[in-house]
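Below is one structure; the comments refer to it alone.
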Amino acid sequence: MQVGVGREQRAGERRVAATPETVQQLTALGLHLLVESGAGTEAGFADAAFKEAGATVISELPFEALDVLLHVRPITPEAAARLRPGTVTIGLASPATELRTVRALAAAGITSFALELLPRISRAQSMDALSSQSLVTGYRAVLEAAVRYPRFFPLYMTAAGTVPPARVLVLGAGVAGLQAIGTAKRLGARVSANDIRAASADEVASMGGTFINLDVDAAAEGTGGYARALGEDRAQRQRSLLAPHVAAADILITTAAIPGRPAPLLVTTAMVASMRAGSVVVDLAAESGGNVEGVIAGQDVQVPVDGGSVTLVGLQDAASAMPSDASRLFARNVSNFLALMTDGGLVAPDFDDDVVAGTCLTHGGAVRHAPTAAALETEA
Ligand SMILES: NC(=O)c1ccc[n+]([C@@H]2O[C@H](COP(=O)([O-])OP(=O)(O)OC[C@H]3O[C@@H](n4cnc5c(N)ncnc54)[C@H](O)[C@@H]3O)[C@@H](O)[C@H]2O)c1
C-alpha cells in the first residue's frame, strides 16, 4: 500500500509527518512510503536520508494513487477532494475550526483520523501527538521568555554582587505547563504554578514547582483528566486570587485550556500592568483566544507599566519553531498509530478498537465525531 508524506502547506509550518526512522518502521510492516521532495528539509531530514531509509522521493505527491496520507496540520479541502474514497489520513485535523476540510473529507469518503481525538489512555500514549507537541511548546515558551527578559533566571552570587533568581509563575499545569515548570527550574528560576484540577498539585511538586492553592478548585475536574470551565463568578474569583501572585512574578507563562472551548481568561490587562517593568508574559493559549487579555497570536505587545513596559508574547507555532525534535516525536506518534491498523502490509482500521474508533473523524461518507457533526449541522 502507498503511504504519502507531503510538504506541509500551511505558511510557517516546518514540521514533517515522517522521518527516516519512521519510514524504516513502516517499510518493515510492508508499506511503501512516497515522500514529496523537500518535505523534511526544514526539519533537518534530507531527501537522501528518506531514500536511504527505503522511501521513494518524488517531486509531487500523487494524491489520487495514495492509500494513506500522513500530515501534520489539517489538509486543505482541495487536497481532500483529490484523494480516492477509502483513503486513510492521519494527522492533526483541528476538527473544531477546520469544518470546511471535515466536510470535504466526508464528501470524498475519506477515513480520516484526527490525532486531537485520540483517547488519552495509557495504551495510546505512544501515539499521543497533543502530548508530544505540548512538551515541545512548554519548553519553548520558557526559552522565549528567557531571551526577552532583561535579567538572569538563576541566582548568582558574584564578587560584583548578588543577582536574585527570576520568579516564574505557570498557570495551567497540563503537559505543556509541567514542561515549562521543569525547564524554568533547570534554568534556575523559582517556580510556582496553579491549575484548577486539584490532581495537578502533586505533579507540580514533582517537577520542582510550588503549587498555589486558590480554593476555587472544587468540581473543576472534568472527564478524561481534563478541566471543566468555571462559571463566570468563580472565574472572577480565580482572577482576583491570582492577582497578587501575578504582580509578584517576573515571568508569567499561561497554558490553560478547556477542550473544544475558547481559552479561559485568567489575567486581565490590569493584572499585567501590576507586574514590574521588564517582566515577560508568554501566552501559550494565544491561538485559541488567549488566557491573557490583549494578547495577539504571533506578536509581542508592550504593556506600559511604571518605569517601562511588560512584554506580552502571543506564542504561535511554538512546536514548529523546533521542527527537528517536534517532527521526530510527531512522526513516531503517527507511525505507531498507523502500525496499530496495519497487518501483513495492509492498512485495515478495526473500529472495535477504542483507540481507532475514538480517533476517527470521518468514515464512509459520515462524520463520526459527534461534536464535529453537530457543529457542521449548526453551520449548515
Ligand atoms: N493518560 C494519558 O495518556 C494522558 C496523556 C496526556 C495528558 N493526560 C492528562 O490530561 C490532562 C490534560 O492535559 P493537557 O495538557 O492536554 O491539558 P490542556 O491543554 O487541555 O489544558 C492545560 C491545563 O490547563 C488547565 N486549566 C484549564 N482551565 C484552567 C483555569 N481556569 N485555571 C488554571 N488552569 C486551568 C487544565 O486543567 C490543564 O491542566 C492532564 O491531567 C494530563 O495529565 C493524560
Candidates Phe50, Phe152, Phe211; GNM for the chain (alpha-carbon contacts under 10 Å) flags as most fluctuating Phe152
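Using r as the Cβ-Cβ distance of Asp353 and Ala46, and R0 as 51 Å, what FRET efficiency do you calculate, to the nearest 0.05? Please report the intermediate quantities before stating the final value.
Values: r = 36 Å, r/R0 = 0.70.
Once rounded, the FRET efficiency stands at 0.90.
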Long-range amide H partners of Val310 with built H, under 5 Å = Gly278, Val303, Val305
Region 98-169: GluC sites (Glu not before Pro) in DSSP loop, at most 12 other beta carbons within 10 Å = none
Can you sort Arg140, Arg123 by how many other beta carbons sit within 10 Å, fewest first?
-> Arg123, Arg140
Here the averaged projected area of the chain, based on the convex hull of its alpha-carbon atoms and given in nm², is 20.4
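May I ask you to sort Asp195, Asp283, Asp128, Asp47 by Cβ crowding, counting other Cβ atoms within 10 Å and putting the fewest first?
Details: Asp195 25, Asp283 31, Asp128 20, Asp47 17.
Placing the least packed residue first, the sequence is Asp47, Asp128, Asp195, Asp283.
Hey, any idea what Rg/Rh is for region 130-203, computing Rh the Kirkwood way over Cα pairs? Could the numbers behind the result be given before it?
Values: Rg = 13.5 Å, Rh = 13.0 Å.
Ratio of gyration radius to Kirkwood radius for region 130-203: 1.04.
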Residues whose modelled amide H sits under 5 Å from the amide H of Tyr156, counting only those 5 or more places away in sequence or on another chain, are Val163
Under a 10 Å cutoff between Cα atoms, tell me which one of Met271, Met322, Met157 has the largest fluctuation in the Gaussian network model of the chain.
-> Met157
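Any idea what % of Cα-Cα pairs in region 234-380 are farther than 20 Å?
Values: 6841 of 10731 pairs.
Percentage above 20 Å: 64.
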Top of Thr269, Thr254, Thr137 by mean-square fluctuation, Gaussian network on the chain, Cα under 10 Å = Thr269
Which distance in Å, rounded to a whole number, links the C-alpha centroids of region 265-321 and region 80-126?
-> 33
Quick one: of the DSSP bridges fully inside region 134-320, what percent are antiparallel, nearest 5?
-> 35
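Give me Rg/Rg_expected for region 150-296, where Rg uses Cα atoms only and Rg_expected = 2.2 N^0.38 Å with N residues.
On the way: Rg = 15.2 Å, N = 147, 2.2 N^0.38 = 14.7 Å.
So region 150-296 has a normalised radius of gyration of 1.04.
Please go through region 317-380 and write out the chymotrypsin sites (Phe, Trp or Tyr not before Pro) that DSSP classes as loop and that have at most 16 other C-beta atoms within 10 Å. If you can, show how the numbers build up before the last one.
On the way: sites: Phe330, Phe337, Phe351; in loops: Phe351.
Those that pass, being in a loop and sparsely packed, are Phe351.
Do me a favour and compute the ellipsoid semi-axes for region 306-354 from its Cα gyration tensor, root of five times each eigenvalue, largest one first, whole Å. Please list the in-between numbers first.
Working: eigenvalues 361, 35, 7 Å².
Working from the Cα gyration tensor, I get semi-axes of 42, 13, 6 Å.
How would you rank His71, His369, going from fewest to most other Cβ atoms within 10 Å of each one's own Cβ? Intermediate results must be reported in sequence, preceding the final value.
Working: His71 25, His369 21.
With the sparsest Cβ surroundings first, the list reads His369, His71.
Where a number appears in this text, it was derived from the coordinates with a stated rule and is not lab data. Predicted, not measured: the structure shown is a model, and the values here were computed from it. Note: ideal-geometry Cβ built from the backbone for every residue, glycine included; neighbour counts use all protein chains shown.
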